[in-house]
Amino acid sequence: MAERSGGGAGRCDALIIGGGHNGLVCAAYLAAAGLKVTVLERRDVVGGAAVTEEFHPGFRNSVAAYTVSLLNPKIIRDLELPAHGLRVVERRAANFLPTTDGRYLLTGEGRTQRELARFCERDAARLPEYSERLEAIADVLRDLALTTPPNATDGGWREALPELLRAARVGGRVRRLDMRLRRELLALFAMSAGDYLDNWFESEPIKAVFGFDGIVGNYASPYSPGSAYVLLHHVFGEVNGKRGAWGHAIGGMGAITQAMARAARARGVAIRTGTAVREVLVEGGRAVGVVTDSGEVLHAAAVVSNLNPKLLYLKMFAPGALPAQFHEHISRWRCGSGTFRMNVALAELPDFTCLPGRAPADHHTAGIIIAPTLGYMERAYFDARAHGWSRAPIVEVVIPSTLDDTLAPEGQHVASLFCQHVAPQLPNGESWDAHRETVADLMIDTVSQYAPNFRAAVLGRQIMSPLDLERTFGLIAGDICHGNLSLDQLFSARPMLGHGNYRGPLQGLYMCGAGTHPGGGVSGAPGHNAAREILGDFRHGRLRRVA
Ligand SMILES: Cc1cc2nc3c(=O)[nH]c(=O)nc-3n(C[C@H](O)[C@H](O)[C@H](O)COP(=O)(O)OP(=O)(O)OC[C@H]3O[C@@H](n4cnc5c(N)ncnc54)[C@H](O)[C@@H]3O)c2cc1C
């Protein structure tokens, strides 16, 4: 039984469970408003899935999240991240997709249409309209990313009115779209990425290069309904003001979260690493603090969780502490990305058969997609469902050392391998511990089919199966977004209707992680929005400062 500490050192206005990037963002905003805030992080380093590590002597790389686009520009400004050391650079090309017939597609600013024309004149001619429509819908998402979704409420008018106003604001944003774009919006929310792209384009490589975004972290076929939304989720970002672009943080993703931690500390946040929370304390139906793994008890007016909702609600409450209906519903929260992540230390750059050369070139800075068609991606999914992993998997290779010389010794490189599809849980109760190395070999062989020097160039590797992602980062079933980005788990329903406004089912309990709107990715948006709601509750007397 935990010992309870009363006031004094153990008391603060807000306790954040988890020092992932959203926890840090939330903490920084709360502290900037004058609150006393403590972040409790289980690992020895803050940043959650956005961290950089030395994984092989002399070679550093982002361990999980590996590329920047979704990080919200308002948050970069408000937290003054550049002043705290953050520098993001753009890739010189967006994507490089080797095709099965020995050709390639290299997309990016000023080159995509020309490249598409090499495959299909008609598709190239359609590109401007496709991009314009997708951008118009992505703009809606950008506007909504920092908005608290209208909350479904079963209270009276007093509770309902503010939510109706919020809903009206969202409706107003959608009404600004013309009818053609509203239809597009519906298509992108409801359709599969495959069906959506089939309507626009004919050429298989073109559909594949765009369709890849529909299966990133999405354990599904590109023809599964809802995958078009996942595609949209991955294009609403921007880098240094360029919409839809992807970039690299110098020093890896850990550079983002280290800058956030510095920003939070500069505003007075106390960050305690190596401090895992074991239980949320509940008194009189109210969250009043936490108990750490070492038995320390800390009290706060607001307890704010940065964790996957399943991890929080199924593991950190005494039996009966949560409303039964809530507990039952959250136990059905769907998680599992189908992602396998590797880092490799490379003696030399991959030399692609379709575009030979080991000297750094634009295509080496791109997201290199090994998945030549949507059909290939669909087969990868079904194979993983039947077998546990796809024997012809999808691999995105990003080589950040082509843009950042702080990561590897001169002349050598590091590559991130983001691989789909693998089953979050293997069939027949088998463990990922038994298959991790086999699957890692398969991923390297898959890349080597297109760049034959790749296998021999590998000097060292780091492997993250879904089980490793769960053990290391607390990502349940390896889910990179803290829960599927499906229509039933988005917006007001993230993580559950009635709790889409960052408030948990108990007074004093809040959520600020990727399991809330707008979901996964290193955006900082859930942390930003949760802070606004918590500050509102302090302002309106629903929370009282205790520090
Ligand atoms: C393999 C992979 C690749 C990805 N690629 C990209 C990408 O390229 N670009 C991108 O934008 N996004 C990417 N993502 C998604 C993105 O990283 C996540 O959605 C994002 O990090 C979620 O942030 P968060 O702060 O909400 O939670 P997390 O990053 O999950 O942080 C939660 C924190 O809580 C801590 N914690 C857990 N349990 C406890 C406890 N009991 N007590 C205290 N602390 C605890 C964890 O250690 C962790 O630090 C990727 C994710 C993964 C896993």
- Query: Failed condition for residue 429, given (1) at positive phi; (2) buried (at least 24 other Cβ atoms within 10 Å of the Cβ), with all others met?
  - Reply: (2)
- Message: Quick check on residue 341: is it surrounded by 22 or more Cβ atoms within 10 Å (Cβ to Cβ) and of a type in the set (Lys, Arg)?
- Response: yes
- Message: Are there strands (runs of 3 or more DSSP E) fully within region 222-336 with at least 2 residues that are in contact with a strand residue (DSSP E or B) (Cβ under 9 Å, 6 or more places away or on another chain), at pLDDT 95 or above and away from the ligand (no atom under 12 Å from the Cβ)? List them.
- Response: 277-283, 286-292, 297-305
- Pick out the one residue from 535, 485 that is part of a loop (DSSP other than H, G, I, E, B) and either more than 15 Å from the ligand (Cβ to nearest atom) or closer than 23 Å to residue 186 by Cβ (or both). 485
- When region 222-240 is checked residue by residue, the ones that are among the aromatic types (Phe, Trp, Tyr) and within 19 Å of residue 421 (Cα to Cα) are 223, 229
- Query: Hey, any hits in region 373-384 for a residue that's more than 30 Å from residue 92 (Cα to Cα) and either of a type in the set (Ser, Thr, Tyr) or modelled with pLDDT under 95 (or both)?
  - Reply: yes
- Message: Just checking, does region 346-354 include any residue being within 14 Å of the ligand (Cβ to nearest atom) and either among the charged types (D, E, K, R) or buried (at least 24 other Cβ atoms within 10 Å of the Cβ) (or both)?
- Response: no
- Task: Can you give me the number of residues within region 503-521 that are near the ligand (Cβ under 7 Å from one of its atoms) and in contact with a Lys or Arg (Cβ under 6 Å, 6 or more places away or on another chain)?
- Result: 0
- Scope region 429-455; condition more than 22 Å from residue 479 (Cβ to Cβ) and of a type in the set (S, T, N, Q); matching residues: 438, 446, 448, 449, 453
- Task: State whether the residues of region 118-128 include one that is basic (Lys, Arg) and not in a helix (DSSP H, G or I).
- Result: no
- Task: Scan 467, 459, 485 and give me the residue that is closer than 29 Å to residue 433 by Cβ and under 14 Å from the mean Cα position of the chain (by Cα).
- Result: 485
- Item | Set 65, 117: member being within 14 Å of the ligand (Cβ to nearest atom) and within 27 Å of residue 450 (Cβ to Cβ) | 65
- In region 19-53, what count of residues is obtained for those that are among the hydrophobic types (A, V, I, L, M, F, W, C), in a loop (DSSP other than H, G, I, E, B) and either modelled with pLDDT under 95 or more than 11 Å from the ligand (Cβ to nearest atom) (or both)? 2
- Query: Do we have residue 45 as buried (at least 22 other Cβ atoms within 10 Å of the Cβ) and either over 19 Å from the mean Cα position of the chain (by Cα) or in contact (Cβ under 8 Å) with a residue 24 or more places away in the chain (or both) here?
  - Reply: no
- Considering 57, 128, 73, which residue is out of contact with any helix residue (DSSP H, G or I) (no Cβ under 7 Å at 6 or more places or on another chain), surrounded by fewer than 16 Cβ atoms within 10 Å (Cβ to Cβ) and within 22 Å of residue 345 (Cα to Cα)? 57
- Message: Here's a check for you: in region 64-79, which residue that is aliphatic (A, V, I, L, M) and assigned to a loop (DSSP other than H, G, I, E, B) is nearest to residue 29 (Cα to Cα)?
- Response: 79
- Which residue, of 70, 97, is in contact with a Gly (Cβ under 8 Å, 6 or more places away or on another chain), touching a residue at least 40 places away in the same chain (Cβ under 8 Å) and within 26 Å of residue 371 (Cβ to Cβ)? 70
- Query: For region 406-415, does any single residue satisfy the condition of being of a type outside the set (Gly, Ala, Ser), in contact (Cβ under 8 Å) with a residue 12 or more places away in the chain and surrounded by fewer than 17 Cβ atoms within 10 Å (Cβ to Cβ)?
  - Reply: yes
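The values are calculated or read from the model by the stated rules, or taken from the named source; none is laboratory data. Since the model is a prediction, treat every value here as computed from it, not as a measurement. Please note: Cβ atoms are built from the backbone with ideal geometry, for glycine as well, and neighbour counts cover all protein chains shown.
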